[in-house]
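Below: the structure, in structure tokens.
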Amino acid sequence: MWLLNLSGPTLVSQMVLDQQPKYSIPFNRPTIVGKELYYISQAILEGHSSGDGRFSRQCHQLLEAALGAPRVLLTTSCTHALELAALLIDIQPGDEVIIPSFTFVSTVNAFVLRGARPVFIDIRPDTLNLDEAQLERLITPRTRAIVPVHYAGIGCEMDAILDIARRYGIQVIEDNAHGLFGTYRGKHLGTFGCLATQSFHETKNFTCGEGGALVINDPALIDRAEILREKGTNRSRFFRGQVDKYTWVDIGSSYLPADILAAFLYAQLEAREQIQAKRQQIWEGYFNTLGQWSEENGVRLPVIPEHCAQAYHMFYLLLPSLNQRQALIEHLKRSGILSVFHYLPLHLSEMGTHFGGKAGDCPVTEDISDRLLRLPFFNNMSEAEQTSVISTILSFTWGNS
Ligand SMILES: Cc1ncc(COP(=O)(O)O)c(C=O)c1O
């Protein structure tokens, strides 16, 4: 009724139409695990709904303790955490940063914004993580950073990457948008580089709609991170009573989320074991039931190295060809199931080609990008929904598309 009063019938009918599910099984569905709305009301009733209130502090402490990281700061997105990272390591025009071509655009844009030249590296065909064996040949005297992306929450080969970075005096910044609570050789993803970034976007395991975090593993970067994140002021020190007034001390921007969002996120992080157990069940449900079908049809399932505990972020299939991938997307769509693909190779994008990217530079990326398909995967996916996705896939043969 209040909608009618506020907006009039035309807008309401449009909203009702927009809410009609186009797919009976979406690719992602935002979910509430328990106390999210209660905590939001607490943030408001306690009188601190802007950034760095009680819930932001609780998220920081929870993540620092869970990861064993010296400092974690919530940000408005993983994109912004990456931008902060580029500022903190003082990327200058002309610096080179080695980044997988197979990633989300923000991994590279954060550095390009500071004038860096991206140097695109190909991925390993097994984990789809950057191919550490190709790192050394891409390093030049201008290389300032390597940005490993723990694709699908499965760890990159951090031993080799850190060894090379140390030998050449290069910083490592982990884009851990997919990998919160995953580990590599028993150590949490996001705790290897001097800095790491997390995403709490709607599609991630833990979410507040849009959100992120900067994990600061090098204690020397903590003070400046707090300043850059708070508009270039020493307001964080002021709030802690370390200075009696706050002022402009450096460059910066506003990278801190409202405590309303932190309140939502805190409820999700508190329920992390429950959420991860459910996601593990969904992942294993796909993996265990699609094994025979995948072998018979030349489809490759995800590969998890023994020394990696994955974060159960996504489930993907690698189809034999682009045509077969598109056919399976259509087949699922006919049953009301939304499946999606990503990433288009960044070195071949409009921007990537300005930086000299050309076909053949990253052959594994170019091949995988055509063949990868992500299946519906969300925290409250029901058994019936997953059974429906699986049986629709099993009923698919290349001839019936
Ligand atoms: C690998 C990777 N990095 C960064 C991002 C950006 O995250 P956000 O949407 O929180 O800015 C994403 C988004 O999905 C991503 O997949």
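Does ILE304 fit the bill of being of a type outside the set (D, E, K, R) and in a helix (DSSP H, G or I)? Please lay out each step first, then the result.
Values: of a type outside the set (D, E, K, R): yes; in a helix (DSSP H, G or I): no.
So ILE304 does not fit the description; no.
Could you grab me the full set of residues in region 227-255 that are of a type in the set (S, T, N, Q) and farther than 20 Å from THR79 by Cβ? Full working, then the answer.
First, pick out the residues of region 227-255 that are of a type in the set (S, T, N, Q): 233-234, 236, 242, 247, 253-254.
Matches in region 227-255: THR233, ASN234, SER236, GLN242, THR247.
Please go through region 213-246 and give me each residue that is loosely packed, with under 15 Cβ neighbours inside 10 Å and among the aliphatic types (A, V, I, L, M), ordered by number.
Selection gives ALA220, VAL243.
Considering only residues that are open to solvent by less than 10 Å² (accessible area, probe 1.4 Å) and not β-branched (Val, Ile, Thr), look in region 378-389 and name the one that is nearest to ALA152 (Cα to Cα).
Pass one, region 378-389, residues open to solvent by less than 10 Å² (accessible area, probe 1.4 Å): 378, 381, 389.
Checking the rest, the ones that are also not β-branched (Val, Ile, Thr) come to 378, 381.
Numbers: PHE378: 14, MET381: 18 Å.
Within region 378-389, the match that is nearest to ALA152 (Cα to Cα) is PHE378.
Could you list, in sequence order, all residues of region 310-349 that are more than 23 Å from the chain's Cα centre (by Cα) and over 30 Å from ALA277 (Cα atoms)?
PRO320, SER321, LEU322, ASN323, GLN324, GLN326, ALA327, GLU330, ARG334
Let me spell it out: the conditions are (1) part of a loop (DSSP other than H, G, I, E, B); (2) farther than 24 Å from ASN380 by Cβ; (3) touching a Gly at 6+ places or on another chain (Cβ under 8 Å); (4) within 16 Å of the ligand (Cβ to nearest atom), and GLY179 meets all of them except one. Which number is the exception?
Here GLY179 clears every test but (2).
Being acidic (Asp, Glu), open to solvent by less than 10 Å² (accessible area, probe 1.4 Å) and modelled with pLDDT of 95 or more: is that true of ASP122 here? Give the derivation first.
Numbers: acidic (Asp, Glu): yes; open to solvent by less than 10 Å² (accessible area, probe 1.4 Å): yes; modelled with pLDDT of 95 or more: yes.
For ASP122, the condition - acidic (Asp, Glu), open to solvent by less than 10 Å² (accessible area, probe 1.4 Å) and modelled with pLDDT of 95 or more - is met.
Just to be sure, is SER254 hydroxyl-bearing (Ser, Thr, Tyr) and within 16 Å of the ligand (Cβ to nearest atom)?
Working: hydroxyl-bearing (Ser, Thr, Tyr): yes; within 16 Å of the ligand (Cβ to nearest atom): yes.
In short, yes.
Give the residues of region 182-204 that are at positive phi, more than 14 Å from the ligand (Cβ to nearest atom) and open to solvent by less than 10 Å² (accessible area, probe 1.4 Å), sorted by residue number. Spell out the reasoning first.
To start, the set of residues in region 182-204 that are at positive phi comprises 185-186, 190.
Within this subset, residues satisfying the condition of being more than 14 Å from the ligand (Cβ to nearest atom) are 185-186.
Listed by number, the list is empty, since nothing qualifies.
If the requirement is being under 16 Å from THR365 (Cβ atoms) and either among the aliphatic types (A, V, I, L, M) or in contact (Cβ under 8 Å) with a residue 12 or more places away in the chain (or both), which of these qualifies: ALA160, ALA133, ALA165, ALA145? Can you show your working first?
Values: ALA160 fails: under 16 Å from THR365 (Cβ atoms); ALA165 fails: under 16 Å from THR365 (Cβ atoms); ALA145 fails: under 16 Å from THR365 (Cβ atoms).
Every option except ALA133 fails the conditions.
Hey, can you tell me all the residues within region 130-160 that are under 12 Å from ILE99 (Cα atoms) and either more than 13 Å from the ligand (Cβ to nearest atom) or touching a Phe, Trp or Tyr at 6+ places or on another chain (Cβ under 6 Å) (or both)?
ASP131, GLU132, GLN134, LEU135, LEU138, ILE139, THR143, ARG144, ALA145, ILE146
Residues of region 24-51 being open to solvent by 40 Å² or more (accessible area, probe 1.4 Å), hydrophobic (A, V, I, L, M, F, W, C) and under 30 Å from PHE341 (Cβ atoms), which ones?
ILE32, VAL33
Looking at region 321-329, can you tell me whether even one residue there is out of contact with any helix residue (DSSP H, G or I) (no Cβ under 7 Å at 6 or more places or on another chain), closer than 24 Å to ASP126 by Cβ and assigned to a loop (DSSP other than H, G, I, E, B)?
no
Quick one: ILE368 ticks every box in (1) of a type in the set (A, V, I, L, M, F, W, C); (2) open to solvent by less than 70 Å² (accessible area, probe 1.4 Å); (3) farther than 23 Å from GLN134 by Cα bar one, so which box is it?
All conditions pass for ILE368, except number (3).
I need every pair where a residue in region 28-42 that is charged (D, E, K, R) has its Cβ under 6 Å from the Cβ of a residue that is open to solvent by less than 90 Å² (accessible area, probe 1.4 Å), sequence separation at least 6 or different chains.
If the second residue must be open to solvent by less than 90 Å² (accessible area, probe 1.4 Å), the pairs left are ARG29/PHE378; LYS35/ALA267; GLU36/PHE264; GLU36/ALA267.
State whether one or more residues within region 205-219 are part of a helix (DSSP H, G or I) and either more than 16 Å from the ligand (Cβ to nearest atom) or not aromatic (Phe, Trp, Tyr) (or both).
Of all residues in region 205-219, those part of a helix (DSSP H, G or I) come to 219.
Filter once more, so that each one left must be either more than 16 Å from the ligand (Cβ to nearest atom) or not aromatic (Phe, Trp, Tyr) (or both): 219.
The answer is yes; a qualifying residue exists.
The values are calculated or read from the model by the stated rules, or taken from the named source; none is laboratory data. Quick caveat, the model's predicted, so the values are computed rather than measured. Backbone-built Cβ (ideal geometry, glycine too); neighbour counts: all protein chains shown. For accessibility, only protein heavy atoms count, side chains too; no ligands or nucleic acids. Shrake-Rupley method; radii C 1.70, N 1.55, O 1.52, S 1.80 Å.
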